[in-house]
Amino acid sequence: MTGSGKVVRTKGGKSHLRRRSSKRVKRQFDKTLEVTHTGDAKRVKALAPYLGKHKANPPG
């Protein structure tokens, strides 16, 4: 979630089999994209208060 309220996501394909990809493609995986589908954005905004609840190392 950005400061202006936009919902952003990371690109997929970052977890494994990256050795065969070029450096340019690997850099493109690091960028974030805005969630454009309004239904998905509404769903994420509704669940946003609960996103940090089940982390392995909670703050505090």
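The numbers here are math on the coordinates, done by the rules we state, and not lab data. In this text the structure is predicted, and so the values were computed from the model without any measurement.
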If one builds a Gaussian network model of the chain from Cα atoms under 10 Å apart, the most fluctuating residue listed among 25, 44, 35 is 25
Amide H neighbours of residue 35 under 5 Å, counting only residues 5+ apart in sequence or on other chains, H built in-plane at 1.01 Å? 7, 8, 9
Nearest 10, in degrees from 0 to 90: the angle of helix 38-47 to the longest Cα principal axis of the chain is 60
Considering the values (1) 38, 32, 19; (2) 31, 23, 18; (3) 41, 23, 20, which represents Cα extents along the principal axes in Å as calculated for the structure under consideration? (1)
